[in-house]
Amino acid sequence: MNDQAKLILEADGGDVEAEVLFTCSLEETGNSYVVFIAVNPETGKKEVNASCYSEKDGLSGELFPIETDEELEILDDYLNDYLEENGLDLDELLK
């Protein structure tokens, strides 16, 4: 998955566009992950989300829930590093 990509997430109320912040793979789990910002359809507010993913053809794929707290902690550290390296503020991204 391209880090500059947009995701189109299928939600109950239709498609939701999400902005990919970054993707990564963890050797420990053998999984690929995508961290993205999307508008929560219930609250209307932007949120940071993360999912496991598998690509089908480079243009489509499936997202799966993250299963362990360890994975979430690692991705949280990656997110903080990403924000710092790119001079970004999470609160600004979520406005």
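Computed from the coordinates by the stated procedures, all read-outs in this text should not be read as laboratory data. These figures come from a predicted structure and were not determined experimentally. Don't worry about glycine lacking a Cβ; one is built from the backbone with ideal geometry, like all the others, and counts go over all protein chains shown.
Using the Cα coordinates of the range 50-95, the gyration tensor eigenvalues translate into equivalent-ellipsoid semi-axes of 24, 16, 10 Å, sorted from longest to shortest.
Oblate is the label for the range 24-64, because the ratio a/c of its alpha-carbon gyration tensor axes (a ≥ b ≥ c) is 1.5 or higher and a/b is not greater than b/c.
Taking a point 7 Å from the Cα of Leu94 along the Cα-to-Cβ direction, the residues of the range 25-43 with backbone N closer than 17 Å to it are 35-43.
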